[in-house]
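Student: One structure follows; several queries about it will come next.
Every number here is computed from the coordinates shown, using simple stated rules; none is lab data. Remember, predicted model here, so these are calculated numbers, not experimental data.
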Amino acid sequence: MQWEELVTDGHVNAAKMRASRPFILGLGLVIFLFGGALFGEYGQFDPASISLNKNEQQIETRREAIDRVFTSIKLTALDDNAKAKLAPAYELPVIVEAILSALNDTGKLPDTLPVVSISKSEFWQFSSDVGKIQLLDVGKFKLISARVTDEQKQRRYNVRVPADERLWIGIFRKGKDSKWQAYSLSGRIDGKGLLSVEGTDRLNPARYPVTFEKLIPKALLKPSKKQKES
């Protein structure tokens, strides 16, 4: 039997396909490489990534604005009468505990504490009655500040000098378990580090720009002409 008799039309077509396969594969490889080059040049900035970059830029702008607020605040100098009204820093843990207990029981601050409710602009000036606890109530957040004397530091080192003045800014919010939680803001105001109260976690405002935009006046968030130039 001759080999030609075993070769059908199907075998012939198959042989032709096998013969042309290297050419097809080569053409496919060229198309693939060309398409990859196009994607590498034009496809890396897809709409999703552009949107993400814009969001990141907006968040970074907000963070810079909040940092700028903290670094630009200057505390009003206190006279001797005002300094005499300041509470000692070592009382703050007790005050925080009393506030948390009252908030979890009644949703309000305790009546026994000298609390004064003020506006956003007044709060960030830190110049209201320094003998009282300042309260800024905005939605689900309660921002509290107190100017105190650093008697706790005095006692620790037994230094007999006039107590230094410190500022504490706390924020209270209701958690997912419906319990109120307390935090001490971190950062520096007027060249001094903010006081941290024992029993509270430290919280960097710049890490939560969306939240703190609601708590800080818009006028403070806008850079001044001098800041824009620098």
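Student: Which ³J(HN,Hα) values, rounded to whole Hz and listed in residue order, are derived for the range 191-197 from phi using the Karplus coefficients 6.51, -1.76 and 1.60 in 6.51 cos²θ - 1.76 cosθ + 1.60 with θ = phi - 60°, glycine and proline given as x?
Tutor: Couplings: x, 10, x, 5, 6, 10, 9 Hz.
Student: Another one. Taking H placed 1.01 Å from N in the peptide plane, check which residues at least 5 places from L195 or on another chain put their amide H under 5 Å from its amide H.
Tutor: Close amide H contacts, sequence-distant or interchain: L167, W168, I169.
Student: Taking amide hydrogens as modeled 1.01 Å from N in the peptide plane, which residues meet the under 5 Å criterion relative to A87, leaving out close sequence neighbours?
Tutor: Correct list: T149.
Student: Work out from phi, with θ = phi - 60° and the Karplus expression 6.51 cos²θ - 1.76 cosθ + 1.60, the ³J(HN,Hα) of each residue of the range 56-64, listed in order in whole Hz, and give x for Gly and Pro.
Tutor: 4, 5, 5, 5, 5, 4, 5, 4, 4
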